[in-house]
Amino acid sequence: MKFVIIGAGVGGLGAAIDLVRAGHEVAIYEASDEIGGQVRTFEIGGGRIEIFYHHLFRSDTVVVDLIHELGLGQDLDWIESRVAFLAKGKIYPFVGAMDLLRFSAVSFATRIRLGLAALWLRRQPDWKQYEGKKAKEWILKTVGREGYDAVWGPLLRAKFGPHADDVSMVWFWGKIYLRFASRQGGIFAKEQLGYLKGSFGRLVDAMGAAVRQRGGVVETRRPVQQVLTQNGKVTGVRLRLPDGGTEDVAADVVIGTVPSEQFARMVPDLDAAYAKKLTEVDYQWATVFVLALDRPLSPIYWLTMTDPDCPFVVAVEQTNFRSPSEYGGNHVVYFSNYTDPGDPIVDENEEQVLDRYESFIKRINPDFDRSWIRGKWLFKDRAGQPIVHYRYHEVIPDMRTPTQGLYLANTTQIYPEDRGQNYAIRLGKRVAQLAMDDLAQP
């Protein structure tokens, strides 16, 4: 059977690998000039690095298994993380249980409540009990206002900004429950995070190669303009050519891995009820401002900013996780935020973002000076983060659309976990199996 996959992110590539292994004919069409989606890379100092920061948790077994299958397992490093909060001008390490006990930004009683709440969630495998509940309400009831404002409130704001009050308790459960899986040896053990030497771009390359080696087609700069259907059944796709013309490609099955609104535009005769559901999930922009510096900004890898006026929510210093020698001696820092469409950063360039961020970067290191900067980059993704509100489970679209042979697999369907390359690959594998099972039906 002929499969066409729209989008060559890791989800689309994961689906394609399983399909070609099963003997199907597969073609992936990617609109941009490179594969990888949110795991695309660029170069700093001759070393590849992701445009959006990436690491793995011990619980990310799907991607870890794939890394080993593709012969890259020997280059997967597990590294003790250095995580901290910046609160009231002071950096507080937040790696293990002892750090929580030393977290003097809150009272000792609140520290105990925070620790007990995390332990409770770690022992709750049934996430469905939290559907329809707001994380903020549970946190306030369990750890109190002080713990919410100092620790878990900033976590919610870091991901969802103005939507933090409505975030699903299921999403919060996932962050706590799965995070503990990266601590081997009990609650007093330190967290370990995984990273692939040379960047996760090597994994993307290996996935593309695995598809091509079995006869699959992976093409970039090949935007799909329309999914073609007839009598309620998919027949192929129409590609938009650089000269303004089009090219039709026949297919028995089409799998879309693009954002929901984009997918809906591609299928003009999509069932109205399904099309409406695609509009019920809202996205935030993911924005990352990257600086290459001639010296470290801080000793921390992952620094959560708790000040409500800070225009970025986390500073991720890659070179406190990997050696600066991998990036030509540069010290690399990501400043990340998730924003609504009206946020200034949507329309700003690198220099404008630096102007707004500079005083807040000085909160991390008062000595910071623009003379330290060797390079700066700004990356944006309009569909970076679905807003997982407390009724989110009611609006998740099915992977199988009402059009026969047409499937959707994108980040809106990653649930209850948070989106990431592990779960994107898992989703790709699931939609591939679903499509193959449907084809096997008489």
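The values are calculated or read from the model by the stated rules, or taken from the named source; none is laboratory data. Predicted model only: the values in this text are computed from it and were never measured. We place every Cβ from the backbone using ideal geometry, glycine too, and count neighbours over all the protein chains shown.
Every condition in (1) without any contact (Cβ under 8 Å) to a residue 24 or more places away in the chain; (2) β-branched (Val, Ile, Thr); (3) touching a strand residue (DSSP E or B) at 6+ places or on another chain (Cβ under 6 Å) holds for residue 279 except the one numbered (3). Taking the numbered list (1) more than 25 Å from residue 62 (Cβ to Cβ); (2) surrounded by 22 or more Cβ atoms within 10 Å (Cβ to Cβ); (3) among the hydroxyl-bearing types (Ser, Thr, Tyr) in turn, residue 279 passes all entries but (2). Tell me, yes or no, whether the range 93-104 has at least one residue that is under 26 Å from the mean Cα position of the chain (by Cα), hydroxyl-bearing (Ser, Thr, Tyr) and modelled with pLDDT under 95. Among the residues of the range 93-104, not one is under 26 Å from the mean Cα position of the chain (by Cα), hydroxyl-bearing (Ser, Thr, Tyr) and modelled with pLDDT under 95, which makes the answer no.
Only one of the numbered conditions (1) assigned to a helix (DSSP H, G or I); (2) under 22 Å from residue 14 (Cα atoms); (3) at pLDDT below 95 is violated by residue 118, and that is (2).
All conditions but one from (1) surrounded by 18 or more Cβ atoms within 10 Å (Cβ to Cβ); (2) farther than 26 Å from residue 17 by Cα apply to residue 375; the one that does not is (1).
Residue-wise test of (1) over 18 Å from residue 17 (Cα atoms); (2) part of a strand (DSSP E or B).
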residue: 407; (1), (2): no, yes
residue: 412; (1), (2): yes, no
residue: 416; (1), (2): yes, no
residue: 419; (1), (2): yes, no
residue: 426; (1), (2): no, no
residue: 429; (1), (2): no, no
residue: 433; (1), (2): no, no
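Filtering the range 98-132 to residues that are closer than 23 Å to residue 59 by Cβ, surrounded by fewer than 16 Cβ atoms within 10 Å (Cβ to Cβ) and basic (Lys, Arg) leaves 123, 128.
Given the options 176, 187, name the one that is touching a helix residue (DSSP H, G or I) at 6+ places or on another chain (Cβ under 7 Å), aliphatic (A, V, I, L, M), modelled with pLDDT under 90 and outside any helix (DSSP H, G or I).
Result: 187 is the single residue among 176, 187 that is touching a helix residue (DSSP H, G or I) at 6+ places or on another chain (Cβ under 7 Å), aliphatic (A, V, I, L, M), modelled with pLDDT under 90 and outside any helix (DSSP H, G or I).
Filtering 50, 30, 43, 69 for residues that are within 30 Å of residue 407 (Cβ to Cβ), surrounded by fewer than 18 Cβ atoms within 10 Å (Cβ to Cβ) and not assigned by TED's automatic domain parsing to the domain that holds residue 360 leaves a single hit, 69.
Flag: residue 68 matches the condition of being in a helix (DSSP H, G or I), at pLDDT 95 or above and not aliphatic (A, V, I, L, M). If you go through the range 317-339 and keep only what is buried (at least 22 other Cβ atoms within 10 Å of the Cβ) and in a loop (DSSP other than H, G, I, E, B), you end up with just 330.
Quick check on this structure: which one of 155, 203 is part of a helix (DSSP H, G or I), surrounded by 20 or more Cβ atoms within 10 Å (Cβ to Cβ) and modelled with pLDDT under 90?
On the way: 203 fails: modelled with pLDDT under 90.
Answer to the check: 155.
Looking only at strands (runs of 3 or more DSSP E) that fall completely inside the range 233-312, which ones have 3 or more residues that are farther than 30 Å from residue 368 by Cα?
Numbers: elements: 233-240, 246-250, 253-256, 283-293, 302-305.
Per the criteria, 233-240, 246-250, 253-256.
In this structure, residue 279 qualifies as out of contact with any helix residue (DSSP H, G or I) (no Cβ under 6 Å at 6 or more places or on another chain) and either among the polar types (S, T, N, Q) or on the phi > 0 side of the Ramachandran plot (or both).
State whether the residues of the range 372-383 include one that is free of Cβ contacts under 8 Å to residues at least 60 places away in the same chain and of a type in the set (D, E, K, R). Break it down stepwise before answering.
Filtering the range 372-383 for residues free of Cβ contacts under 8 Å to residues at least 60 places away in the same chain gives none.
Taking every residue of the range 372-383 in turn, none turns out to be free of Cβ contacts under 8 Å to residues at least 60 places away in the same chain and of a type in the set (D, E, K, R).
The set of residues from the range 340-362 being modelled with pLDDT of 95 or more and surrounded by 17 or more Cβ atoms within 10 Å (Cβ to Cβ) comprises 348, 353, 354, 357, 360, 361.
Can we say residue 74 is in contact (Cβ under 8 Å) with a residue 60 or more places away in the chain and either more than 23 Å from residue 335 (Cβ to Cβ) or surrounded by 13 or more Cβ atoms within 10 Å (Cβ to Cβ) (or both)? Judged against the criteria, residue 74 is not a match.
Considering each of 237, 253, 290 in turn, give the residue that is modelled with pLDDT of 95 or more, touching a helix residue (DSSP H, G or I) at 6+ places or on another chain (Cβ under 6 Å), over 30 Å from residue 390 (Cβ atoms) and crowded, with 17+ Cβ neighbours inside 10 Å. Checking each option against the conditions leaves just 253. Listed by first and then second residue, the pairs linking a residue in the range 19-48 that is closer than 17 Å to residue 421 by Cβ to a residue that is assigned to a loop (DSSP other than H, G, I, E, B) and aromatic (Phe, Trp, Tyr), with Cβ atoms under 7 Å apart and 6 or more places separating them unless they lie on different chains, are 38/52; 39/200.
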